[in-house]
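Taking it in order: structure first as structure tokens, then the write-up.
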Amino acid sequence: AELAEELRTHVSEAIRSPHANYVIQKVIEVLPMAQSSFIAEELLGMGVEVARHRYGCRILCRLLEHSATDLGPLKLIDEVLAGVGGLCRHSFGHYVIQSILEHGTPEQRHAIAAALRAELARSVQNRNAC
């Protein structure tokens with residue numbers, strides 16, 4: 001819990017680090033959402049950017065696995081869903097979309113399905129597509 005407090009206000013930097021991103025992931029995995037909610041809150045406004053990042057996509061996947069229905073992650077995932085078409089074909093973003101399909105709400109899954117239907121022709125030809 002003390003380590004998590006040290007990360008407060010540094011989440012954006014930590015998720016871009018090849019080492020610190022693992023610490024953020026572990027905080028999400030082991031601490032209750034009440035103590036780790038600052039992670040999703042600090043990433044608000046950067047959802048699509050984080051999903052496209054080599055390490056950031058891992059953070060979003062862990063949030064989905066451990067707290068998909070909590071308010072902070074829900075808002076962050078709503079941001080991600082705004083860019084679902086491009087993320088489905090992105091080399092890192094598609095992992096986040098797959099995680100939403102597995103752990104997200106029915107509404108989130110429906111939004112992805114609708115976007116995939118709309119972009120079917122482009123997605124078929126992309127090796128990273130969901």
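Read-outs throughout are calculated quantities, based only on the coordinates presented, and are distinct from any laboratory measurement. Source: prediction; values computed, not measured. Neighbour counts are summed over all protein chains in view; Cβ atoms, including those assigned to glycine, are modelled from backbone coordinates with ideal geometry.
Here the Karplus curve 6.51 cos²θ - 1.76 cosθ + 1.60, taken at θ = phi - 60°, turns the phi angles of the range 17-33 into couplings of 8, x, 10, 5, 4, 5, 5, 4, 4, 5, 4, 4, 6, 9, 8, x, 4 Hz, with x standing for Gly and Pro.
Peptides 16-29, 48-61 ranked from most to least packed, by the mean per-residue count of other Cβ atoms within 10 Å: 48-61, 16-29. With a cut-off of 14 Å between beta carbons, the residues surrounding ARG62 carry a summed charge of -2, where Lys and Arg count +1 and Asp and Glu -1.
Tell me the volume per residue, in Å³, of the convex hull enclosing the alpha carbons of the range 2-124. Residue-normalised Cα hull volume stands at 83 Å³. Using θ = phi - 60° in the Karplus curve 6.51 cos²θ - 1.76 cosθ + 1.60, the 3J(HN,Hα) couplings for the range 99-111 round to 5, 5, 4, 7, 10, x, 7, x, 5, 5, 4, 4, 4 Hz; x is entered for Gly and Pro. Highest-first packing order for the peptide set 106-115, 70-79 is 70-79, 106-115, based on the mean count of other beta carbon atoms within 10 Å.
Debye-formula intensities of the range 1-71, expressed as log10 I(q)/I(0) at q = 0.25, 0.28 Å⁻¹, are -1.21, -1.57 (one equal scatterer per alpha-carbon, no solvent). Taking a sphere under 12 Å around the Cβ of LEU87 and counting the other residues whose Cβ falls inside, with K and R at +1 and D and E at -1, yields a net charge of -1.
Extension gain, SER91 to ALA20, is 23.4 nm, computed as 0.36 nm per intervening residue step minus the present C-alpha separation.
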